[in-house]
Every structure is written in structure tokens, then in C-alpha cells.
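Below is one structure, written out as C-alpha cells, with a few remarks after it.
Taken together, the values in this text are just the output of simple stated rules run on the coordinates, not laboratory data. Just so it is clear, the model here is predicted, and its values are computed rather than measured. Note: ideal-geometry Cβ built from the backbone for every residue, glycine included; neighbour counts use all protein chains shown.
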Amino acid sequence: MTLIKSIAGIRGTIGGAPGETLSPIDVVKYAAAFGEIMKTLHPRPKVVIGRDARVSGPMIASLLSHTLCAQGINVIDLGLSTTPTVEMAVTAENAQGGVIITASHNPSGWNALKLLNEKGEFISAAIGEQILQIADSSKYTFIEQKKMGKITFDDTHIDAHIEKILALDLVDVDGIKARKFNVIVDAINSTGGIAVPRLLSKLGVTVTELHCEPNGLFAHNPEPLPENITHICQEIEGGRFDLGIVVDPDVDRLALVSEDGVPFGEEYTLVAVSDYVLSKRKGNTVSNLSSTKALRDVTEKRGGSYHAAAVGEVNVVEKMKEVNAVIGGEGNGGIILPELHYGRDALVGIALFLSHLAQYGRQASMLRATYPNYFISKNKIELTPDIDIDNILDLLKNKYIKNPINTIDGLKIEFGQDWAHLRKSNTEPIIRIFAESENQVTADHLANKIILDIKEIISS
């Protein structure tokens, strides 16, 4: 049973004791604390909420919305929606904030409150700390009945989101239609099953739906890694499709499968889309420290500058604004296009990738072959209460003190042209250990070397 409070929101498993899981009591407590922040921004605040298709979603949405109403806050409930749609709806509705009810790539037994500011962006660490303090001290209040807020239901924002994507100069609607793409979509039985086929139909794409019923019964592990998307790869192997599209439950991560059934690589979603954007817009790029250095190669080839940020959408967005990046995101398949909004968005990623593929004029596998070929080994170690992650990082920093080291987010160590990055996850009770090399065996060996170092420290 787990409850995690971080820049990624209030996230936990469903079922168990308050304070140890995302229980109804915890939902109300943190919703009320968020409401107190909203009340400082406007005498009659407005908050937009939306959810993915998890079975626990309606229960949490009801607790959340009625708690906010009890504080005099008006709620606009989008119902089944996507993370980027809720983000854009906050600004469209001139709201003071938003809450997305989703645990993103976590299994179906999890859920979360992902908190947004008035710009439709994730709240800062400072505001997050204030919310935690208010929740822990119970410094929230409720109002009399006649001043309670109201709940308005609005399911039009997915269509509005799609229309804004289609209106982008970067999206080659005519070019995509001319290619008559035949695509298969795996939406993990969540809200991507609503949004992705709608977008593709507007682009003239023939769509075969796989796991697109938004019932919350995830057909496989929802993290769109190669080992979790074998079903769609098998469907594509027969040669019927030009592309496979996989999204996570809240549609902010995009993974692609080439026409031969081989994963394009979730790291290379951002690389390919950035290459396309940089061919149209000169400028800089940003990704997090755990993402492939192929983005740096592509950016510099196009005449721009690459910059790294700490892991987490809020950190990437902050760095993108700082360096005026024209495109950015995270190597987990997250695309952030500032022209649309500052948030990871699989829907705009799909439209940009199809524009790129349409103009390239050949198959997805051939496009993938044009990019530098790096391999990332992605691993994790389960955390227990007795593991001191800060001590582990300090000891490893001392061990590799002669290597180039970056400590803005955990510990990233360079080994010549290769690197290893270890950090405590914002979304799960684990240590993530990533390593990259030009060879998968070398990347795995480097990651395992760091894992052994960690295990030796834990056992000592």
C-alpha cells in the first residue's frame, strides 16, 4: 500500500488505511488543501477537473468536486478526458486551477490527483509544499450552504483540443490525408480510446481500434515500453498497417510501432517529432536527464542548442521557458509543443509525427533508421522504508568522483560517451536506474554495475 506526494501530484494505491494509500479521507484532505490555495486567487474560484477511465475515477471525482464546492469553488467537470485536454481547458475556461484524476502509467490499482495552476501547468514545488502543509495541519475551512459552489459538466473540450491541433501550421492535414495511412491504435482501455480515433478520423486516417473501450480494465501494463506492447506489435507484423500508436491511460505519453511490427522506441518519439519541428522552426530543445542523447545530436544538426532538465514535466517546462525551446519533452514518449500549450501531449505528438512521416514519403522503419542509434537500459529497485536513498547517492558520488557528474536530479554519471542516471521516482516507491550506450549489451552492463553498487551499499 502506497501514498506518494511529489511534483507529480498526490498518488497512491486504492484500498487501505488513510495516510498510507489514496483513501477517500486523503482525497478530501488534499482536495481541501488545494482549494485553500484556489481561494487566495479569486473570490469565487473556478477549477476544471477530468479523469482517465480507471474504475476508481468516478469515486474520486465525486469526492474531489464536492469538497471543492463545499469551499465555495465552482467546478467544471470534463468527465472522461485526457491530461493535455484538462490542461488546455483550464486556460480556455479562465479557471484558477485544475485537477486531473489519473495515475498515468501506474497500474489500474493506483490513482492520483495531478494539480494544475491557472496556466494549465503543473503547480510549482513551492505551491506543492504549501498544499502539503495545509493538508497536514488541517488548515482548511468550508462554507455555509447558500455559498457553496456548483458543478457544471462539459464534455466538449476533447473536440476543442483536436481542433486546435488541426489548426497548427506544423500539422500537415492535407499531406496526411493524401498518404491514406492505415493505423492501429492501442489505448489501454482508457480515454485515449475516445480521443485518438477522433483525431485520426479528422486527419483522414483509417483506424483499427485495439483496447479502445474506456472501461478502465487495462489490457496490459499501462507503461508503453516495448515489453508491454507486444500484442500490437504482433498485429502489425502481418504487414496490414503503416503504423501502430500506443498511448498511456491519460494520453500524455506516446509510443509508436513501425510497419514491420518493431517498436519505434519511446525515446525516439521525441527525437523524430523534434527533428520535424526543427526543420520548420529554428530553435532549442529540452528533455530530462534520463532521456536519450539522440535529441542533442538531432538538435545540433539542425543548428539549435540542447538543454537538460530534471525529470518531471514541471521541470522540463521551466527549462523550456528559460531557453525559449521550440520543442521539448521527456524520453518516455512525452511531447511538449509550446505553440499549443506547455504540457506533454500525445495527441499533438501523433499529428506532428504523421506530418513528418507524410512529408518523408517512406515507411516508419526507414525514418527510424535515419536517427542516431542509442540504447537505454531501464531498470528499477523497489524501495523499503529502511533504504536511505540520499546516503546511497552520496556514497556513489564519492565512488565515481573522478567521472563527470550531474546532481540536479539524483545522480547522473558519465562514462566516456555512455552515461548512467539513478534517482528516486516521483511516481512509484522505487529507485530508477537508466543507462545509455551505442550497444544494448553495454547499456545493460553499465546499469547492472550501478545496481550492484546500490545493492552492496544497502546490504552493508
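Remark: the Asp444-His66 segment gains 131.2 nm on full extension, using 0.36 nm per residue and subtracting the alpha carbon distance. When Rg and the Kirkwood radius Rh are both evaluated on Cα atoms of the stretch 142-193, their ratio Rg/Rh stands at 1.26. Along its principal axes, the stretch 27-103 has C-alpha extents of 33, 26, 15 angstrom, given from the largest down. Here the chain is treated with +1 on each Lys and Arg Cβ and -1 on each Asp and Glu Cβ, and its dipole about the Cα centre works out to around 840 debye.
Of all DSSP bridge pairs formed entirely within the chain, close to 60 percent run antiparallel.
Once the other residues with Cβ under 14 Å from the Cβ of Val48 are scored (Lys, Arg +1; Asp, Glu -1), what is the net sum? For residues surrounding Val48, the net value is -2. Dipole orientation for the stretch 100-180: of the candidates Met148, Leu115, Ile127, Met148 has the Cα lying most toward the positive pole (charges on Cβ; Lys, Arg +1; Asp, Glu -1).
When the P(r) of the stretch 186-368 is calculated, the portion above 28 Å amounts to 20% of the C-alpha pairs. Taking trypsin sites (Lys or Arg not before Pro) as candidate sites, keep only those in a DSSP loop with at most 14 other Cβ atoms within 10 Å, then name the longest stretch of the chain containing none of them. In the chain, the maximal stretch lacking such sites is 1-138. Here the chain is scanned for GluC sites (Glu not before Pro) in DSSP loops (not H, G, I, E, B) that have at most 14 other Cβ atoms within 10 Å, and the longest stretch holding none of them is 145-338. Across the options Pro58, Pro24, Ser137, the greatest Cα extent toward the positive end of the charge dipole of the stretch 3-158 (unit charges at beta carbon of Lys, Arg, Asp, Glu) belongs to Ser137. In terms of its C-alpha gyration tensor, the stretch 72-170 has a prolate overall shape, because the principal axis ratio a/c (a ≥ b ≥ c, square roots of the eigenvalues) is not below 1.5 and a/b outweighs b/c.
Normalising by residue count, the stretch 104-221 has a Cα convex hull of 181 Å³ per residue.
Taking a ≥ b ≥ c as the square roots of the eigenvalues of the alpha-carbon gyration tensor, the chain is classed oblate because a/c is 1.5 or more while a/b is no larger than b/c. Amide H contacts for Val48 (H built 1.01 Å from N in the peptide plane; partners 5 or more residues away or on another chain; cut-off under 5 Å): Ile76, Gly97, Gly98, Val99. An ellipsoid equivalent to the stretch 3-158, defined through the eigenvalues of its Cα gyration tensor, has semi-axes of 20, 19, 15 Å when rounded to whole angstrom and sorted largest first. Per the Kirkwood formula applied to alpha carbons, the stretch 349-441 shows a radius of gyration over Rh ratio, Rg over Rh, of 1.13. Here the stretch 186-368 is assigned +1 on the Cβ of each Lys and Arg and -1 on the Cβ of each Asp and Glu. Its dipole about the Cα centre then comes out at about 860 debye. Taking a Cβ cut-off of under 10 Å around Ser290, the surrounding Lys, Arg, Asp and Glu residues balance to a net charge of 0, with basic ones at +1 and acidic ones at -1. FRET efficiency for the pair Glu339 and Leu41, taken as 1/(1 + (r/R0)^6) with r the Cβ-Cβ distance and R0 = 41 Å, rounds to 0.95. Per-residue ellipticity at 222 nm from helix content only, as computed over the chain with -39500 (n - 2.57) for each DSSP H run of at least four residues, stands at -11500 deg cm²/dmol.
Each Lys or Arg adds one and each Asp or Glu takes one away; over the other residues whose Cβ falls under 9 Å from the Cβ of Ala420, this sums to -1.
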